[in-house]
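Inspection log for the structure reproduced underneath, given as structure tokens.
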């Protein structure tokens, strides 16, 4: 045993070389997301989701007879590191990358594939974005080589405000967001859209706080309380949403929370701890308890295998569509797959039609608003073992969840 | 730390053969820098070499502070990052106004940006050395990093500012699109900066920096102001950090808040210290090691951060002078010809030490696989050998290797110490070691 | 207005006391041993995780005793087998050792407990609003944190200034040889001091865990601000750390409650200028920059008074 290990240890420096030389027997998708450090809890969920989806496709015979392989790359949520990892993926002959955490990373990667493809014709790469929601990626900075399956934050706000339009009890809204591009676009779109659709609603507060730096939200809660708001709209994620809700519960603040990411890691636990039963709402492109038969089956199988709940219904759409596009193009060449993806329409996981808009490569799909709290018999799935789960509040149809784009696509 | 620096060879004072050797080392290094990408031709290795080149300039600039002047900075990335941002803005301005400035001159923009900010910030922060300086650098670092998210029009928020290096005017027909061209650009600046920084250590200012590090009071007695000396060193460090930042900006074609952050400042501290701050070439080694670790470790193991911490603790505890001083320890023995007395004990020690390391690694990996919990992936692959993390045999192997390896290794380490003593004694008799 | 002032003051004091709870251990270690312990926040995190685990097994109150004891054992081992070896290479080496340690501890915690936040709850006996002021509830648990902080402050102060143990400890720092000649084991004194310092961090962890988020990145989040507190207060000064904690807590909470910006003071800029550095500065509100104010304070204090508010020496 010992001798065996030493011999192997001598071979250690050989590791990391020669990996890229293997023939393309599989379709490799580079998964570039945080797998260590603060963002790793989220990145690992994504990786397991994609690996599960790849296994599913492989069980059905793969894509054009080839197996799908997800190759993880750890980007530590750092844009520079992501570029290094993308370069590594390119060197290993990987032609498809997928990423979701952090719009800064997404912008860097989108720029990377665009430059890479113009400088290396014949070795094009495609960037499949499953979660970065900065609107700029499909507007001012759009790229032909970037496809996005999540609804961008403006579209989500459009859906949310279309819902709020029909809820007269909302009268005073407080906005609190993280001080960076995503938080700012949530804030400015909320102001703009609410003013257009519900001019009677008063914006009683508009707060930006630094990203992931606040340990005590009680001063902010005091401000919200003083403003007399009945609803809070926030794009906060990670600990910023968990701590915010905890501080609110501590101070006994009773408002409704309209959030983007309260379902993220630790969010449900925090809501349960704070005891905010059906006071926290979330805007997503799918929920476990929507009741669509095939989605329920999928969720059940997924949970059984991975012990996770499906955070990314869009990843399911993405992989299914990727397969369909490759089969339509009868090729795994990214150039042909990209052409096939443009304007493609599929049945999304939770039911209904979704389209990859040709103008900006933004996927348009129905959006769901759900609230978190105690469940009835009709809702079988809870979250993070809390016994509470998401309950459908409203489904916003695709037509109500669409915005025009300013993208001027440069096609190759 | 002090006496080793004064032992470093000085070409001006030694004989012609030594001075020839000194220039030969530089020539070999430069030749290596030129030939390396021709030997390793894959795109990945070009990227790696480029990153190492940038890291070396940055680490050397940091060592002007820590090694030469004794200033521990927690915010050196500020000058690196500002250099990068100014370089990107400069490149965009060159493109927008069609200025006739080709890409190879852009690093100067970064250098001067670093210099200007160092001139401004340095005066107040170098008034004192030690903890006060360290804490001011920490505070300034946090301030600049936080304001980069607030001052959006300049820093571009958390997405940063992008540029396209191929849009600049070409020179010698080089577009700087392919990585290899960027590598040679970085290599060019690496050689220039390294020579510049080495020359700096040989100037009277460089010597005064050492004096200020060792005994500021005596420096004051002979009529120099330690504050001014520290300030000048700080400005030079800022200038070269700015060049490194600009090169990074050229390489990535993006500048963002991560350039300025505490992580970047921490990495350069790691690099300089692991390499060894008391020798000029220490940070070079450190930059190579740390960059390789950053690039490769995360691919091999998911708990790379733990290894990073352990390696760092190990270096601090057992080789506080860094890799460089470990190597330089052997120099007098080599000259005296007594090195062969030590080598056999090294060869004996290497086997149990490796076994011990394997045991530790196996233990960590087993724990890592076990704790990640998913039932289907408890098989870990170590050196391409599969291990079953749940199997008691694996656990046993880890424990036996770690404990057994440690005790055997410790015996061989004592052997090294004994052999070393004999070799040093012999070297002393021959007059090579005082 | 009055409402906001009263509530902000209360919140500021509460936050400040939490900061003090965290920085007291750091400042004790520094004042005795001259070591800037970068891993201090990691011991705080260990305290929170041990507290969570022990609460699950034996309940909150025993955990409050045993978790700090366990952490202090680890701390003493670090001192005995790590710092003591490194001491001869100077303070920079010691500091870097703790730097590496912080890395390793974070990863170990991730390996054992994973990366997701723990479900660490306030004990039921303290889970009620203590009082209500201007219709805002103040949870009893926060009052409990306040109480513990004050108690620790007084206990530390008395021990250091009024007891024989404190005298020996302080003497061991400046005159280790003399203290050794008097028959005290200096090595053991340092080891115990380090143990006490890390235990204090762990107490903070056990208590703050349920109030904040118990997660493997909680150390990295609070690390830098602790240095601000002890440096602003004066390195090694316990009263200084106390004052600085309160000051930073209050500054931050009051800044958050203010919406003013240059734009609101002087009116908005001419929109024809377009977005520039000036408009960024013009429109930023005080609330937005609240979390970076401690660092401004840090730099200003160090420039004007390098020994800190109540410190007696510079390093």
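Applying a 10 Å radius around every beta-carbon, put B:298-307, B:191-200 in order of their mean neighbour count, most first.
B:298-307, B:191-200
On a 0 to 90° scale, report how tilted helix C:293-304 is relative to the longest principal axis of chain C, with both axes built from alpha carbons and the result rounded to the nearest 10.
Long axis of C:293-304 versus the principal axis of chain C: about 70 degrees.
Which value at 222 nm does chain B reach when only helices count, each DSSP H run of 4 or more adding -39,500 (n - 2.57), with the total divided by all residues and rounded to the nearest 500 deg cm²/dmol?
For chain B, the value works out to -24000 deg cm²/dmol.
Within 10 Å, count the other beta carbons around each residue, average over each peptide in B:403-413, C:44-54, and list them highest first.
Values: B:403-413: 15.1, C:44-54: 25.4.
By packing density, highest mean first, the sequence is C:44-54, B:403-413.
What percent of all Cα-Cα pairs in the range B:21-106 falls in each 10 Å bin, counting up from 0?
Once binned at 10 Å, the Cα pair distances of the range B:21-106 give 13, 28, 35, 22, 2.
For B:414, B:230, B:165, what ranking results if the residue with the fewest other Cβ atoms within 10 Å of its Cβ goes first?
Final ranking by Cβ density, sparse to dense: B:414, B:165, B:230.
Which FRET efficiency, nearest 0.05, do residue C:81 and residue C:128 yield, Cβ-Cβ r, R0 51 Å?
Values: r = 45 Å, r/R0 = 0.88.
In this case the efficiency is close to 0.70.
For chain C, what does -39500 (n - 2.57) per DSSP helix run (n ≥ 4), summed and divided by total residues, give at 222 nm, in deg cm²/dmol to the nearest 500? Let's see the in-between values first.
Values: 14 runs with 222 residues, N = 315.
One gets -23500 deg cm²/dmol as the mean residue ellipticity at 222 nm.
Working from Cα positions, state the angle (0 to 90°, nearest 10) between the long axis of helix A:293-306 and the longest principal axis of chain A.
Relative to chain A, helix A:293-306 is tipped by roughly 70 degrees.
For the protein assembly as shown, what is the convex hull volume of the alpha-carbon atoms per residue, in Å³?
Working: hull volume 217.9 nm³, N = 1161.
Cα-based convex hull of the protein assembly as shown, divided per residue, equals 188 Å³.
Just to be sure I understand: of the beta bridges DSSP finds with both ends in the protein assembly as shown, what percent are antiparallel, rounded to 5? Don't jump to the answer; show the numbers that get you there.
Numbers: 30 of 66 bridges.
Within the protein assembly as shown, antiparallel bridges account for around 45 percent of the total.
Please identify, among C:152, C:225, C:112, the residue showing maximal mean-square fluctuation in a Gaussian network model of chain C using a 10 angstrom Cα cutoff.
Maximum fluctuation in the GNM of chain C, among the listed residues, is at C:112.
Across the residues of A:105-111, average count of Cβ atoms on other protein chains within 10 Å?
What the average comes to for A:105-111 is 4.
Can you give me the angle between helix C:2-33 and the longest principal axis of chain C, using Cα atoms only, in degrees from 0 to 90, rounded to the nearest 10?
The answer is roughly 30 degrees.
Suppose a student asked you for the relative contact order of chain A, using Cα pairs under 8 Å spaced at least 6 residues apart; what percent would you report?
Normalised by residue count, the contact order of chain A is 15 percent.
Just to be sure I understand the model, the point goes 7 Å from the Cα along the line to the Cβ. What's the resulting residue A:347 to residue A:308 distance in nm?
Taking the simple label geometry, residue A:347 and residue A:308 are separated by 2.6 nm.
Sort out for me the Cα centre separation of the range B:14-65 from the range A:281-351, rounded to whole Å.
After rounding, the separation between the Cα centres reads 49 Å.
Can you sort B:209, A:142 by how many other beta carbons sit within 10 Å, fewest first?
Lowest to highest Cβ neighbour count: A:142, B:209.
When you look at the Cβ of every residue in C:251-257, what mean number of other chain Cβ atoms sits within 10 Å?
Taking all residues of C:251-257 together, the mean is 4.
Pairs of alpha-carbon atoms within less than 8 angstrom and 6+ residues apart define the contacts here; what relative contact order does the range B:196-311 have, in percent?
Relative contact order for the range B:196-311 comes out at 12 percent.
Counting other beta carbons within 10 Å of each Cβ, put B:123, B:420 in order, fewest first.
B:123, B:420
For chain B, what is the relative contact order in percent, using Cα pairs closer than 8 Å and at least 6 residues apart in sequence?
Worked out over chain B, it gives 22 percent.
If you stretched the chain out fully between residue B:422 and residue B:335, how much longer would it get, using 0.36 nm times the residue separation minus the C-alpha to C-alpha distance?
In short, 29.8 nm is gained.
So what is Rg over Rh here for the range C:138-282, counting just Cα atoms and using Kirkwood for Rh?
1.16
How large are Rg and Dmax for the range B:73-117 when calculated on the C-alpha trace, in angstrom?
Cα-based Rg and Dmax for the range B:73-117 come out at 11.3, 39 Å.
Take the alpha carbon atoms of the range A:188-209, find their center, do the same for the range B:176-247, and report the distance between the two centers in whole angstrom.
Each part's Cα centre sits 53 Å from the other's.
Per residue of chain A, what 222 nm ellipticity follows from adding -39500 (n - 2.57) for every DSSP H run with n ≥ 4, rounded to the nearest 500?
Values: 12 runs with 158 residues, N = 412.
Result for chain A, helices only: -12000 deg cm²/dmol.
Quick one: compute a quarter of the convex hull surface over the Cα atoms of chain A and quote it in nm².
About 21.8 nm², averaged over all directions.
Taking 41 Å as R0, compute the FRET efficiency from the Cβ-Cβ separation of residue B:202 and residue B:351 and round it to 0.05. Can you show the working numbers first?
Working: r = 43 Å, r/R0 = 1.05.
Here the calculated transfer efficiency is 0.40.
Distance in nm between label sites at residue A:297 and residue A:165, each 7 Å beyond Cα in the beta-carbon direction?
3.6
When the convex hull of the Cα atoms of chain B is projected onto a plane and the area is averaged over all directions, what value comes out in nm²?
For chain B, the mean projected area of the Cα convex hull comes to 25.2 nm².
Mind giving me the FRET efficiency for residue B:414 and residue C:184? R0 is 51 Å, r the Cβ-Cβ distance, nearest 0.05 is fine.
With R0 = 51 Å, the Cβ-Cβ based efficiency is 0.95.
What's the extension gain from residue C:281 to residue C:2 if we count 0.36 nm per residue and subtract their Cα-Cα distance?
Fully extending the segment from residue C:281 to residue C:2 adds 97.5 nm.
Quick check on packing: order C:209-219, B:422-432, B:48-58, A:388-398 by the mean number of other C-beta atoms within 10 Å, highest mean leading.
B:48-58, C:209-219, A:388-398, B:422-432
Three principal axis extents, largest first, for the C-alpha atoms of chain C, in Å?
75, 47, 40
Could you identify which residue out of C:180, C:172, C:199 has the top mean-square fluctuation in a GNM of chain C using Cα springs shorter than 10 Å?
Of C:180, C:172, C:199, the Gaussian network model singles out C:180 as fluctuating most.
How far is the Cα center of the range C:124-188 from the Cα center of the range A:96-131, in Å?
54
Taking chain C as a Gaussian network, Cα atoms linked when under 10 Å apart, which of C:162, C:121, C:80 shows the biggest mean-square fluctuation?
Comparing C:162, C:121, C:80 in the GNM, the peak value goes to C:162.
Average partner chain C-beta neighbours within 10 Å, per residue of C:35-43? Walk me through the numbers on the way to the answer.
Values: counts 0, 4, 0, 2, 1, 0, 0, 0, 0.
Across the residues of C:35-43, the mean count of other-chain Cβ atoms within 10 Å is 1.
None of the figures in this text is laboratory data; all of them are computed from the coordinates on show. The shown structure was predicted, so the numbers you read here are calculated from the model rather than taken from an experiment. In this analysis, Cβ positions are derived from the backbone assuming ideal geometry, glycine residues included, and neighbour counts consider all displayed protein chains.
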